[in-house]
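J.: One structure follows; several queries about it will come next.
The values are calculated or read from the model by the stated rules, or taken from the named source; none is laboratory data. Treat the numbers as computed from the prediction; the structure is a model and nothing was measured. Neighbour counts are summed over all protein chains in view; Cβ atoms, including those assigned to glycine, are modelled from backbone coordinates with ideal geometry. Side chains are part of the model used for accessible areas, which takes the heavy atoms of the whole protein and leaves out ligands, DNA and RNA. Shrake-Rupley method; radii C 1.70, N 1.55, O 1.52, S 1.80 Å.
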Amino acid sequence: MPDSSFLDATRGSYDVLASSYLDRLDPDLDLPPLSQALHRTFAELVKAQGGGPVADVGCGPGWVTDILHGLGLDVFGIDLSPGMVAEARRTYPGLRFEVGSMLSLDLEDATLGGLLASYSIIHIPRDRLPEVFAEFHRVLAPGGQLMLTFQVGDESLHFDEAWGKSVSLDFYRQQPSDVVGLLREAGFEVTAEIVRHPEPTEKSPHGCVMARKPLPGGPGEAA
Ligand SMILES: C[S@@+](CC[C@H](N)C(=O)[O-])C[C@H]1O[C@@H](n2cnc3c(N)ncnc32)[C@H](O)[C@@H]1O
């Protein structure tokens, strides 16, 4: 059995941070214009291939879920941390949020029109990413759109303290080319690979990779 103790540590840490997360957020800083444009593009791509439910996986307190809802998507949030899900439900009572893990999503095969993971794969050890991408591929319908965002780099960071609270959180930066390679191995057709240079308040570049699950018999379907 693979070691999944990191999930307990991540869950417990975000439970501790959940009530402070939205207070610490400044959407003008935390969602620069390029990121806003990428969310709009993702929403348009989902609608262009027929819509369908969209999961915001690792949604935290739901602020990006709400943005996607505002862009006209039929979106719901999933997060490992019950504290985050409670915060999201309290803040956005009109939206649906569920507790769950991206390693085993409680969703039927081929049911989603889109899946966003906004800075949530950053907590998955690199050797477990193939499992996560296989799970994303399983739940997306053919033509379904995937958008991943993450900090770019080679480092792994560990924090015992965040915002004055005791936590145990591991962060894994990613190289977009590695993410692209793993997505292709999982059967995705990669459509965009973008690196945004850091804003003055940020320590690292930010990456965004977009991909879609090929249509049966389509040009992108794995041979
Ligand atoms: C850095 S926060 C990002 C929150 C939000 N998506 C955003 O962009 O602000 C990472 C979130 O991913 C969640 N998360 C981490 N590992 C997860 C997993 N295996 N499955 C689902 N959610 C996970 C955490 O609980 C946390 O809420």
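J.: Provide the solvent-accessible area of SER156, counting protein heavy atoms only and rolling a 1.4 Å probe, rounded to the nearest 10 Å².
T.: 70 Å²
J.: Could you check the spin-label model distance between SER19 and THR91? Points 7 Å from the Cα along Cα→Cβ, value in nm.
T.: So the label points at SER19 and THR91 sit 1.5 nm apart.
J.: Sticking with this structure for a sec: Among 131-137, 194-200, 59-65, 171-177, how do they line up from the highest to the lowest mean number of other beta-carbon atoms within 10 Å?
T.: Going from most to least packed, we get 59-65, 131-137, 171-177, 194-200.
J.: How much net charge surrounds MET102 when only other residues with a Cβ under 14 Å from its Cβ are counted (Lys, Arg +1; Asp, Glu -1)?
T.: That sum, taken over residues with Cβ under 14 Å, equals -3.
J.: Let me ask another. Report the accessible area of MET210, computed with a 1.4 Å probe over the heavy atoms of all protein chains in place, in Å² rounded to the nearest 10.
T.: 10 Å²
J.: Net charge around GLU135, counting only other residues with Cβ within less than 14 Å of its Cβ (Lys, Arg = +1; Asp, Glu = -1)?
T.: Residues near GLU135 contribute -2 overall.
J.: Hey, if we sort ASP74, ASP23, ASP30 by accessible area with the 1.4 Å probe, largest down, what's the order?
T.: ASP23, ASP74, ASP30
J.: Residues with amide H under 5 Å of SER168's amide H, sequence separation 5 or more or different chain, H placed in the peptide plane at 1.01 Å from N; which?
T.: Under 5 Å from the amide H of SER168: SER13.
J.: Starting from the residue with the highest accessible area, list LYS47, LYS213 in decreasing order, probe 1.4 Å.
T.: LYS47, LYS213
J.: Further question: Helix-derived [θ] at 222 nm for the chain: sum -39500 (n - 2.57) over DSSP H runs of at least 4, divide by residue count, nearest 500?
T.: -10500 deg cm²/dmol
J.: Based only on Cα atoms, what mean projected area does the convex hull of segment 20-152 have, in nm²?
T.: Computing the convex hull of the Cα atoms and averaging its projections yields 7.8 nm².
J.: Which order do PHE159, PHE150 take by accessible area at a 1.4 Å probe, largest first?
T.: Listed by decreasing accessible area, they come as PHE159, PHE150.
J.: Then there is this: With the dipole of segment 95-223 worked out from charges on the C-beta (+1 for Lys and Arg, -1 for Asp and Glu) around the Cα centre, which of LEU148, SER104, ALA192 lies farthest toward the positive end?
T.: Among LEU148, SER104, ALA192, the one farthest towards the positive end of the dipole of segment 95-223 is ALA192.
J.: Near LYS165, within a Cβ-to-Cβ distance under 15 Å, what is the net charge of the other residues, with Lys and Arg +1 and Asp and Glu -1?
T.: Charge balance in the 15 Å sphere: -3.
J.: Accessible surface of ASP160 in the full protein assembly, 1.4 angstrom probe, to the nearest 10 Å²?
T.: 100 Å²
J.: Let me ask something else about it. Assign unit charges at the C-beta atoms only (+1 for Lys and Arg, -1 for Asp and Glu), then state the dipole size of the chain relative to its Cα centre in Debye, rounded to the nearest 20.
T.: Its charge dipole is roughly 420 debye.
J.: If you take the beta carbon distance between THR111 and ASP3 as r and set R0 to 35 Å, what does 1/(1 + (r/R0)^6) give as a FRET efficiency, to the nearest 0.05?
T.: 0.75
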